[in-house]
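Enquirer: One structure, pasted below without further comment.
Please treat every number below as a calculation from the coordinates, not as lab data. Please read these numbers as outputs of a predicted model, since none were measured by experiment. A quick note on method: Cβ atoms are made from the backbone with ideal geometry, for glycine too, and the neighbour counts reach across all protein chains shown.
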Amino acid sequence: MVIKSRSVLLLLAGLLLIGCDRRSTDSSSTNSGNGSAVKLILNWKPEPEFGGFYTAQEQGLYKNHALDVTIESAPEHVTQLVAAGKAQFGIMAADEIVTARSQGIDIVALFAVYQTNPQGIMTHESRGFKEIGDVLRSPGTLAVQPGLAYVDFLEKKYTPVRTQIVPYDYSIVRFMASPDFSQQCFITAEPLAARTQGADPKVFLIADSGFNPYAGIVVTRGDFLKNNRKTVEDFIAATRQGWRSYLDNPKAANAMMGSLNKEMDAQTFAAAAEAQKPLIETDETREHGLGTMTNERWQTLIGQLQQMKKITKAPSAGECFVNP
């Protein structure tokens, strides 16, 4: 299993490549058959965070909506591939979308897989911390990716920061070696790996601090949405069906993803699928449907990014998303 950071914002690098030809990047490409051809670009490799999309493939749900969907992975290039029309759909985080729109890139959110952001801070249970603020205000070491919005948010909220903040290295080696070491994590990745290796990790979700952007968001270009509304609506309808089915029974899609991603074993696939359920299905989605988003949540995020000076020109909440 490859340990990863899901918070790394690669937007600025991607913007430099808009308009350039890009090759297909990943062996995880799958295709659903006949119909209107569209491409979905993932921001990581096939893992449970994308289970609903692969379920829609495996069960023929996209095909039932007359869609011929190709799924590929290009983590560093989602923004520019979608913005340049090289892919009709991609997966991004809400703060990336706001940043893109603030820079004049017409990216629109359609469906948010994670209602509660799955990024967290992982520490050792033995330290006895009760909340995320304890990690920041206590001696020790915290590894995070510098410059990320949530890192700035935590540092300002939980001042004075007494832990030593160091760069995250995409590994749990230092965590396993030191009881005073904490690090950023994705709830379906690092904690499971640490537990497998004998540690007793405790995870505090970033969302509990008050910074809770949607994650795992399906996006498209504004002009594609305008000119291909039915295709977009059909894609989201099939995706919603796929996620409903995956949440109920992830086994078949996990096997499909496992054949594409040999770095994660079947047991970890199952554990990750279970761990993410409460972050995907909430009271809000039970009432309004999986993937739903609200103007209030987007407006809160935009205000937070402004306060942290992550954006200079604030888009309106209403232009950032639609609920097809």
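Enquirer: List the GluC sites (Glu not before Pro) in region 76-161 that DSSP assigns to loop (not H, G, I, E or B) and whose Cβ has at most 16 other Cβ atoms within 10 Å. Which are they?
Expert: 131
Enquirer: So how do 296-308, 40-52 stack up, highest first, on mean other-Cβ count within 10 Å? Before the final figure, lay out the partial values.
Expert: Details: 296-308: 17.1, 40-52: 25.5.
Ranked by mean Cβ neighbours within 10 Å, highest first: 40-52, 296-308.
Enquirer: Here's a follow-up. Hey, rough spin-label estimate for residue 169 and residue 323, points 7 angstrom out along Cα→Cβ, what's it come to in nanometres?
Expert: 4.5
Enquirer: With Rg and the Kirkwood Rh both taken from Cα atoms, where does Rg over Rh land for region 119-209?
Expert: Numbers: Rg = 11.7 Å, Rh = 12.8 Å.
Ratio of gyration radius to Kirkwood radius for region 119-209: 0.92.
Enquirer: While we're looking at this one, here's another question. Set the Förster radius R0 to 51 Å, insert the Cβ-Cβ distance between residue 178 and residue 37 as r into 1/(1 + (r/R0)^6), and round the FRET efficiency to 0.05.
Expert: On the way: r = 50 Å, r/R0 = 0.99.
The pair residue 178/residue 37 has a calculated efficiency of 0.50.
Enquirer: Take the cross-link list 202/310; 39/63; 202/309; 86/226; 45/262 and give me the ones stretching past 21 Å between alpha-carbons.
Expert: Working: 202/310 29 Å; 39/63 13 Å; 202/309 31 Å; 86/226 17 Å; 45/262 10 Å.
Among 202/310; 39/63; 202/309; 86/226; 45/262, the Cα-Cα distance tops 21 Å for 202/310; 202/309.
Enquirer: Around residue 67, which amide H atoms from residues at least 5 apart in sequence, or from another chain, sit under 5 Å from its own amide H, with H modelled in the peptide plane?
Expert: Amide H to amide H, under 5 Å and 5 or more residues apart or across chains, residue 67 pairs with 36.
Enquirer: Hey, another quick one. Taking Cα pairs under 8 Å and at least six residues apart, what relative contact order does the chain come out at, in percent?
Expert: Values: 643 pairs, mean separation 90.4, N = 324.
Worked out over the chain, it gives 28 percent.
Enquirer: Fully extended, how many nm does the chain gain between residue 106 and residue 64 (0.36 nm per residue separation, minus their Cα-Cα distance)? Each step should come with its number before you reach the end.
Expert: Working: separation 42, 0.36 × 42 = 15.12 nm, distance 2.91 nm.
Contour length minus the Cα-Cα distance gives 12.2 nm.
Enquirer: Right, here's the next one. With θ taken as phi - 60° and the coefficients 6.51, -1.76 and 1.60, list the Karplus ³J(HN,Hα) couplings across region 158-165 in order, rounded to whole Hz; mark glycine and proline as x.
Expert: My calculation for region 158-165 gives 10, 6, x, 7, 9, 6, 7, 9 Hz in order.
Enquirer: Would you grab the residues whose amide H sits under 5 Å from the one on residue 111? Only those 5+ places off in sequence or on another chain, please, with H modelled 1.01 Å from N.
Expert: For residue 111, the qualifying residues are 218.
Enquirer: Additional query: If I stretch the segment between residue 223 and residue 314 completely, what's the gain in nm (0.36 nm per residue apart, minus their alpha carbon distance), one decimal?
Expert: Values: separation 91, 0.36 × 91 = 32.76 nm, distance 2.04 nm.
Gain on stretching residue 223 to residue 314: 30.7 nm.
Enquirer: Nearest 5 percent is fine: what portion of the DSSP beta bridges confined to the chain is antiparallel?
Expert: On the way: 20 of 37 bridges.
Counting DSSP beta bridges with both partners in the chain, the antiparallel share is about 55 percent.
Enquirer: At 222 nm, what value in deg cm²/dmol follows for the chain if DSSP H runs of at least 4 each add -39500 (n - 2.57) and the sum is divided by all its residues, to the nearest 500?
Expert: On the way: 16 runs with 133 residues, N = 324.
Theoretical 222 nm ellipticity from helices: -11000 deg cm²/dmol.
Enquirer: Now for a different question. Under the rule of at least 5 residues apart or a separate chain, name every residue whose amide H is placed under 5 Å from the amide H of residue 145.
Expert: Amide H neighbours of residue 145, under 5 Å, 5+ apart: 168.
Enquirer: OK, next. Say we join alpha carbon atoms closer than 10 Å with springs in a Gaussian network model of the chain; which of 286, 127, 137 then has the biggest fluctuation?
Expert: So, out of 286, 127, 137, the one fluctuating most is 286.
Enquirer: Shifting gears a bit: Counting other beta carbons within 10 Å of each residue's own, what order do 245, 182 fall into, fewest first?
Expert: Fewest-to-most Cβ neighbours within 10 Å comes out as 245, 182.
Enquirer: With each pseudo-label sitting 7 Å past Cα toward Cβ, what's the residue 266-residue 282 distance in nm, one decimal?
Expert: Between residue 266 and residue 282, the label points sit 3.4 nm apart.
Enquirer: When the Karplus curve 6.51 cos²θ - 1.76 cosθ + 1.60 is applied with θ = phi - 60°, which whole-Hz ³J(HN,Hα) does each residue of region 310-321 get, with x for Gly and Pro?
Expert: Rounded to whole hertz, the list is 7, 9, 9, 10, 8, x, 6, 4, x, 8, 7, 8.
Enquirer: So what J values fall out for region 131-141 if you push phi through Karplus, 6.51 cos²θ - 1.76 cosθ + 1.60 with θ = phi - 60°, rounded to Hz, Gly and Pro as x?
Expert: 8, 5, x, 4, 5, 6, 8, 10, x, x, 10
Enquirer: Also, I was wondering about something else. Compute the convex hull volume of the Cα atoms of the chain, divide it by the residue count, and report the result per residue in Å³ as a whole number. Walk me through the numbers before you get to the answer.
Expert: Values: hull volume 40.0 nm³, N = 324.
Spelled out: Cα convex hull of the chain, divided by residues, is 123 Å³.
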